[in-house]
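> Here you go, one structure.
Only the coordinates and a few stated rules stand behind these numbers; no lab work does. This is a predicted model, so every value here is computed, not measured. Don't worry about glycine lacking a Cβ; one is built from the backbone with ideal geometry, like all the others, and counts go over all protein chains shown.
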């Protein structure tokens, strides 16, 4: 199951990328083992899914950015993702995005809030094909590396 999740994520499946990002954010690898320093992996996979337009990934990515220290405007970025996610969510998930935005925006300057609003207004999803191409290129590179190892054994 975990292997299929990783393969689907690498192939560009936004839901698999989101689920893998959530696993890493919870401090687990794709095999369910606890890992230290999983935040960069969480951001990587959540961003890949969020960029494809998955609102659930967008709100989770915003929460990850909001939980960390405000480095390089990450809280303004979080607000942008919260605003964007709110456009595609309903019910409790919409409330989660709105309350996350309100919580973080209360600590931002008017200029940072304007930056977040511009991000959400001007954002456009990146096509899945770009993610699939990266996954395919990575898979090809891994195959070449595996073949080289096999030749040396």
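> Among the residues of the stretch 12-27, write down those that are assigned to a loop (DSSP other than H, G, I, E, B) and surrounded by fewer than 17 Cβ atoms within 10 Å (Cβ to Cβ). Can you show your working first?
As a first pass, look at the stretch 12-27 and keep what is assigned to a loop (DSSP other than H, G, I, E, B): 12-13, 26-27.
Within the stretch 12-27, 26, 27 meet the criteria.
> For the stretch 28-52, how many residues meet the condition of being surrounded by fewer than 18 Cβ atoms within 10 Å (Cβ to Cβ) and closer than 24 Å to residue 99 by Cβ?
Selection size over the stretch 28-52: 1.
> Hey, residue 72 hits all of (1) surrounded by 17 or more Cβ atoms within 10 Å (Cβ to Cβ); (2) on the phi > 0 side of the Ramachandran plot but one; which does it fall short on?
With (1) surrounded by 17 or more Cβ atoms within 10 Å (Cβ to Cβ); (2) on the phi > 0 side of the Ramachandran plot applied to residue 72, the lone miss is (1).
> If we scan the stretch 37-56, do we find a residue that is over 20 Å from residue 125 (Cα atoms) and touching a strand residue (DSSP E or B) at 6+ places or on another chain (Cβ under 9 Å)? So that I can check it myself, show each step before the final result.
Residues of the stretch 37-56 over 20 Å from residue 125 (Cα atoms): 37-41.
Next, only the ones that are touching a strand residue (DSSP E or B) at 6+ places or on another chain (Cβ under 9 Å) stay: 38.
For the stretch 37-56, residues over 20 Å from residue 125 (Cα atoms) and touching a strand residue (DSSP E or B) at 6+ places or on another chain (Cβ under 9 Å): present.
> Criterion first (touching a residue at least 12 places away in the same chain (Cβ under 8 Å) and buried (at least 17 other Cβ atoms within 10 Å of the Cβ)) does residue 8 satisfy it? It would help to see each step written out before you state the result.
Values: touching a residue at least 12 places away in the same chain (Cβ under 8 Å): no; buried (at least 17 other Cβ atoms within 10 Å of the Cβ): yes.
Considered against the rule, which asks whether it is touching a residue at least 12 places away in the same chain (Cβ under 8 Å) and buried (at least 17 other Cβ atoms within 10 Å of the Cβ), residue 8 comes out as no.
> Please go through the stretch 71-125 and give me each residue that is in a loop (DSSP other than H, G, I, E, B) and either touching a residue at least 12 places away in the same chain (Cβ under 8 Å) or within 16 Å of the chain's Cα centre (by Cα) (or both), ordered by number. Step through it out loud before you land on a result.
Of all residues in the stretch 71-125, those in a loop (DSSP other than H, G, I, E, B) come to 71-73, 89-90, 106-109, 123-125.
Result: 73, 89, 107, 108, 123, 124, 125.
> Separate question: Looking only at the stretch 1-11, which residues are part of a helix (DSSP H, G or I) and over 10 Å from residue 48 (Cβ atoms)? Can you show your working first?
Of all residues in the stretch 1-11, those part of a helix (DSSP H, G or I) come to 2-10.
Answer for the stretch 1-11, where residues must be part of a helix (DSSP H, G or I) and over 10 Å from residue 48 (Cβ atoms): 2, 3, 4, 5, 6, 7, 8.
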